[in-house]
1. So how many Å³ per residue does the convex hull of the Cα atoms of the range 1-150 work out to?
2. Go through 48-58, 100-110 and give me the packing order, highest mean Cβ count within 10 Å leading.
3. Compute the FRET efficiency between Glu17 and Ala65 as 1/(1 + (r/R0)^6), taking r as their Cβ-Cβ distance and R0 = 30 Å, and round to the nearest 0.05.
4. Compute the separation of the alpha-carbon centres of the range 15-77 and the range 105-128 and state it in Å as a whole number.
5. Which order results if Met117, Met1, Met8 are arranged by neighbouring Cβ count within 10 Å, fewest first?
6. What list do you get for Glu129, Glu77 if you sort them by fewest beta carbons within 10 Å?
7. Could you list the residues of the range 118-154 with an amide nitrogen less than 20 Å from a label point located 7 Å from the Cα of Arg52 in the Cα-to-C-beta direction?
Amino acid sequence: MERIYIGMGSNLADPAEQLRSAVEALAQLPQSKLVGVSAFYQSDSLLPGQPRYTNAVAALDSTLAPLDLLDALQAIENGQGRERLERWGPRTLDLDILLFGDQVIDEARLKVPHYHMQERAFVLYPLAELAPADLHLADGRTLRELLAACPFVGLERLSQD
């Protein structure tokens with residue numbers, strides 16, 4: 001059983017509802033148990049001219065293999081209308097494996113820890129709600145260190161209603 005953290009984001013078609021639907025789908029994954037979901041946060045898109053994103057992180061305990069989980073996440077994305085038209089383009093749903101236990105995965109389809117997560121407040125702050133501050137990444141840095149180097153700028157924590 002591995003503890004897996006999944007980044008979730010949406011900026012199309014009622015983003016908060018997209019994330020709520022994704023959480024419901026994650027809870028139904030085989031060989032897996034949803035153990036937590038962060039608050040939802042809103043942030044500007046990394047590219048100009050796109051709607052703001054709603055983001056969160058989910059924690060999952062699973063015995064699924066990494067690529068099997070990736071396939072399941074992509075099926076959830078597709079089921080919620082995800083179209084891959086442009087890299088970093090607007091999307092109904094994006095589900096990314098941020099951390100998969102303490103594994104380092106370097107496959108053509110999957111890189112874990114997720115690239116650039118250490119620079120993205122919209123990933124780190126929701127992750128910090130679920131993971132221990134002394135969580136170590138493969139390179140030895142702790143979540144606490146990453147947070148200290150990535151200010152809470154441009155983020156808005158949304159109320160949970």
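We did not get these values from a lab; they are worked out from the coordinates using the rules stated. As the structure is a prediction and not an experimental result, all values here were calculated from the model. Backbone-built Cβ (ideal geometry, glycine too); neighbour counts: all protein chains shown.
1. 104
2. Packing order, densest peptide first, comes out as 48-58, 100-110.
3. For Glu17 and Ala65, the calculated efficiency is 0.50.
4. 13
5. Result, fewest neighbours first: Met1, Met117, Met8.
6. Glu129, Glu77
7. Hits in the range 118-154 for Arg52 at 20 Å: 120-127, 151-154.
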